[in-house]
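The values are calculated or read from the model by the stated rules, or taken from the named source; none is laboratory data. Owing to the predicted nature of the structure, the values given are computational and were not obtained by experimental measurement. Cβ atoms come from the backbone with ideal geometry, glycine included; neighbour counts cover every protein chain shown.
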Amino acid sequence: MSTAVTYLFVPGDRPERFDKATAANPDVMILDLEDAVHPDAKPAAREAIAAWLAQRPAARAYVRINDSASPAFAADMDWLRVLPPGTALAGLMVPKAEHAAALADIAQALRQVNPQGEIVAIIETALGLHQVDAVATAPGVARLAFGSLDYAVDLGCSHTRDALAFARARIMLASRVAGLPPPIDGVTTALKDEAVLADDVAYARELGFAGKLCIHPAQLAAVRAGFLPTPEQLDWARRVLEATASGSHAVQVDGKMVDRPVIEQARRLLALAQ
């Protein structure tokens, strides 16, 4: 089950960028067949992605297919079904995820290529959010992501934290109830403003998100640093576990009482760092 932090989009019709994106070392590279590719260029993009994957037996690459209501969806599924078994396709990003039945069909096709392949379902419509619990428990779904830009367009609301707070909270809750890893937050479009990116990551982490969709390699370092525990947090976590190693919870660390939730928080921080 995926616990990746950085997910980097690369247009599927720009194969000259594939190796460069790999060299940037994202946790997951997303070869895009959806929004980043003009409809006329999608056939060539499918061919380019298949050719690149065939040369990399251990690529940590996902493909974002088109949504099930798109005219390009059927062609994406036909393309997926003829990929040779064992192709280095680690998973699929499914945009505008709304229906568990559609996700089950996609998962079945993915399993023919990679039996361990994962689906990240992107919640980016009102209907998708309304049915997020069914989406989170659909076959093959390993994680949820928030497509905040498309969601704001679908609702006709502003792309602000206040306007999107309910959606983020709902996705977080659905992930937890379904036993999925914490969800992935949407993109930050400010490519050259590191302060904006860092603030977006800090806000998402406060809500419980543990990863982010990225649209440029320059965003990866800040996103990774923002979601991973700081040295001070790791030092605190180690001291908590050392203080309670005997089994006693009647101890203090930094002048504060330690109880079971505090111990669990310390364990999670150390696990995340690993």
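So which residues in the range 125-150 are polar (S, T, N, Q) and in a helix (DSSP H, G or I), if there are any at all? Within the range 125-150, 148 is the sole residue that qualifies. When the range 55-70 is filtered for residues that are within 19 Å of residue 20 (Cβ to Cβ), among the hydrophobic types (A, V, I, L, M, F, W, C) and surrounded by fewer than 21 Cβ atoms within 10 Å (Cβ to Cβ), the ones remaining, listed by number, are 58, 59. Among all positions in the range 218-235, there is at least one residue which is over 23 Å from residue 123 (Cβ atoms), free of Cβ contacts under 8 Å to residues at least 60 places away in the same chain and of a type in the set (D, E, K, R).
Every test in (1) of a type outside the set (Asp, Glu); (2) at pLDDT 95 or above; (3) farther than 27 Å from residue 146 by Cβ is passed by residue 46 save one, and that test is (3). Suppose we keep only residues that are surrounded by 14 or more Cβ atoms within 10 Å (Cβ to Cβ) and of a type in the set (Val, Ile, Thr) within the range 212-250. Which one would you say is farthest from residue 182 (Cα to Cα)? Here the residue is 244. Evaluated against (1) at pLDDT 95 or above; (2) in contact with a Phe, Trp or Tyr (Cβ under 7 Å, 6 or more places away or on another chain), residue 14 falls short on exactly one condition, (2).
Is one or more of the residues making up the range 162-180 under 25 Å from residue 59 (Cβ atoms), within 16 Å of the chain's Cα centre (by Cα), assigned by TED's automatic domain parsing to the domain that holds residue 52 and not small (Gly, Ala, Ser)? Yes, because at least one residue in the range 162-180 is under 25 Å from residue 59 (Cβ atoms), within 16 Å of the chain's Cα centre (by Cα), assigned by TED's automatic domain parsing to the domain that holds residue 52 and not small (Gly, Ala, Ser).
Scanning the range 152-176 for residues that are small (Gly, Ala, Ser) and outside any helix (DSSP H, G or I) yields 156, 158. Scan the range 191-208 and give yes if some residue there is in contact with a strand residue (DSSP E or B) (Cβ under 6 Å, 6 or more places away or on another chain), surrounded by fewer than 22 Cβ atoms within 10 Å (Cβ to Cβ), within 22 Å of residue 3 (Cβ to Cβ) and in the same structural domain as residue 26 (by TED's automatic domain parsing), otherwise no. No.
Only residues that are at pLDDT below 80 and hydrophobic (A, V, I, L, M, F, W, C) were counted across the range 238-256, and they come to 1. Taking the range 182-239 on its own, how many of its residues are under 16 Å from the mean Cα position of the chain (by Cα), closer than 21 Å to residue 17 by Cβ and not in a helix (DSSP H, G or I)? Total satisfying the criteria: 7. When residue 106 is tested against (1) of a type in the set (A, V, I, L, M, F, W, C); (2) touching a helix residue (DSSP H, G or I) at 6+ places or on another chain (Cβ under 8 Å); (3) closer than 22 Å to residue 155 by Cα, just one condition goes unmet, and that condition is (3).
If you scan the range 90-124, which residues turn out to be over 18 Å from residue 145 (Cβ atoms) and surrounded by 23 or more Cβ atoms within 10 Å (Cβ to Cβ)?
none
Within this structure, residue 145 passes the test of being assigned by TED's automatic domain parsing to the domain that holds residue 212 and under 15 Å from the mean Cα position of the chain (by Cα). Number of residues in the range 251-264 that are assigned to a loop (DSSP other than H, G, I, E, B) and exposed (fewer than 10 other Cβ atoms within 10 Å of the Cβ): the value is 2. If you take the residues in the range 136-154 that are β-branched (Val, Ile, Thr) and more than 22 Å from residue 6 (Cα to Cα), which one is surrounded by the most Cβ atoms within 10 Å (Cβ to Cβ)? The residue in question is 137.
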